[in-house]
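The values are calculated or read from the model by the stated rules, or taken from the named source; none is laboratory data. What you see is a predicted model; the values in this text were computed from it and never measured. With ideal geometry, Cβ positions are generated from the backbone for all residues, glycine too; neighbour counts draw on all protein chains shown. Surface accessibility is based on the protein's heavy atoms, side chains included, excluding ligands, DNA and RNA. Shrake-Rupley method; radii C 1.70, N 1.55, O 1.52, S 1.80 Å.
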Amino acid sequence: MYEELKGRVVLVTGGSRGIGRGIVEQLAMQGAHVVFTYRGQQNVAEDVAATLRSQGYWCRAVQTDLADSEASRALVENIEQDWGPIYGLVNNAGITADKSFLTMPAELWHQVIDTNLTGTALLTQAVLQQMMYHKEGRVVMMASVGGLRASSGQANYSATKAGLIALTRTLSHEVARFNILVNAVAPGFIATEMTSAMPEAAQAAIPKQVPLRRMGSVKEIAAPVLFLLSNQASYITGHCLVIDGGLSA
Ligand code: NAP
């Protein structure tokens, strides 16, 4: 469907599970050369990559903690050396560490900011420097409706997601002249391990809050992300696409 992604190197952070895994699978099926990162679960990650390769697709898994900016910089250099320049970057990896803000230890604040915002920003800087040289590229940030509206107990997380939306807008202006487009998607409640870790009562309340009366699926996020990486989205930059079943409308 998106012929232009065939043979293009796309880096997806946090691709071993959940939304990231869905994006990795859809990209590989379009013929993209997909490199994805994970933090800890090597068996799970290698399984995803090996399964795709056994089906004839191109996929590699690389252990890299997004919070380690030196490791991110090395990753970007190694990808270009080994597999060619990065055409697309999907900044998917993100964590939560929820607690009421009034009693949130500084450590929980830093943990989420360091990974979701600082880690993503510094990885993006390394990738953009490469893309600028090649005069083309696409970046998609995984924000959240938590970055657009109140999300009690998630002050650290929602601050990072609002930060990614702001970063998307500013970077879109800074790199437009190099033919690089930067966009974000803001999912609502999506069925992954992140939402299944929510308290049962909070999970049960989701259908009542969402106008479409259900959680979204991983495929319903992966499809718009692929669109933003494709030629179909060639005049879209600095945009945040909300994908939330109407939750924030
Ligand atoms: P998930 O199921 O918890 O998966 C997270 C993925 O990120 C895993 O592959 C994990 O690897 C990886 N990861 C976590 N920390 C990392 C780090 N420091 N370095 C590298 N990789 C790391 O999450 P998800 O629900 O798919 O969410 C994916 C993204 O969508 C996140 O940014 C999240 O904030 C955003 N989002 C999710 C929802 C939702 O309802 N699910 C809604 C809005 C936005 P390991 O397996 O090795 O730990």
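Being of a type outside the set (D, E, K, R) and surrounded by 22 or more Cβ atoms within 10 Å (Cβ to Cβ) is the requirement here; does Ala166 meet it? Against the criterion (of a type outside the set (D, E, K, R) and surrounded by 22 or more Cβ atoms within 10 Å (Cβ to Cβ)), Ala166 does not qualify. Of the residues Ala28, Ala67, Ala32, Ala45, the single one that is more than 15 Å from the chain's Cα centre (by Cα), surrounded by 17 or more Cβ atoms within 10 Å (Cβ to Cβ) and within 12 Å of the ligand (Cβ to nearest atom) is Ala45. Going through (1) out of contact with any Phe, Trp or Tyr (no Cβ under 8 Å at 6 or more places or on another chain); (2) more than 9 Å from the ligand (Cβ to nearest atom); (3) small (Gly, Ala, Ser) one by one, Gly137 falls short only on (1). Annotation note: Cβ proximity below 7 Å between a residue of region 168-183 that is farther than 16 Å from Val90 by Cα and a residue that is basic (Lys, Arg) (sequence gap 6+ or interchain) occurs for Phe178/Lys135; Asn179/Lys135. Applying the set (1) open to solvent by 20 Å² or more (accessible area, probe 1.4 Å); (2) modelled with pLDDT of 95 or more; (3) not hydroxyl-bearing (Ser, Thr, Tyr) to Ala233 leaves exactly one unmet item: (1).
Of all residues in region 114-142, those that are within 21 Å of Gly163 (Cα to Cα) have Cβ atoms under 9 Å from Cβ atoms of residues that are among the aromatic types (Phe, Trp, Tyr), 6 or more apart or on another chain, in Asn116/Tyr157; Leu128/Phe178; Arg138/Tyr87. Select from region 204-228 the residues that are in contact with a strand residue (DSSP E or B) (Cβ under 7 Å, 6 or more places away or on another chain) and open to solvent by 80 Å² or more (accessible area, probe 1.4 Å) and list them in ascending order. Within region 204-228, no residue meets the criteria.
Do the conditions hold for Ser172, that is, is it surrounded by 23 or more Cβ atoms within 10 Å (Cβ to Cβ) and small (Gly, Ala, Ser)? No; evaluated as a whole, the condition is false for this residue.
What residue, among those in region 81-113 that are free of Cβ contacts under 8 Å to residues at least 12 places away in the same chain and within 16 Å of the ligand (Cβ to nearest atom), is most open to solvent (accessible area, probe 1.4 Å)? Among residues in region 81-113 that are free of Cβ contacts under 8 Å to residues at least 12 places away in the same chain and within 16 Å of the ligand (Cβ to nearest atom), the one most open to solvent (accessible area, probe 1.4 Å) is Glu107. Reported count of residues in region 124-149, each being open to solvent by less than 60 Å² (accessible area, probe 1.4 Å) and over 15 Å from Val175 (Cβ atoms), is 6.
To keep it simple, each residue is scored yes or no on (1) within 26 Å of Ser217 (Cα to Cα); (2) assigned to a helix (DSSP H, G or I).
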| site | (1), (2) |
| --- | --- |
| Arg21 | yes, yes |
| Ala45 | yes, yes |
| Leu52 | yes, yes |
| Arg60 | yes, no |
| Gln81 | no, yes |
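Are any residues in region 183-228 of a type in the set (Ser, Thr, Tyr) and either near the ligand (Cβ under 10 Å from one of its atoms) or in contact with a Pro (Cβ under 8 Å, 6 or more places away or on another chain) (or both), and if so, which ones? Steps first, answer last, please.
Just the residues of region 183-228 that are of a type in the set (Ser, Thr, Tyr), to begin with: 192, 195-196, 217.
Within region 183-228, Thr192, Thr195, Ser196 qualify.
Only one entry of Glu25, Glu4 meets the criterion of being modelled with pLDDT of 95 or more, over 30 Å from Val112 (Cα atoms) and out of contact with any Lys or Arg (no Cβ under 7 Å at 6 or more places or on another chain), and that entry is Glu4. For Gly238, indicate whether it is closer than 22 Å to Arg177 by Cα and of a type outside the set (A, V, I, L, M, F, W, C). The answer is yes for Gly238.
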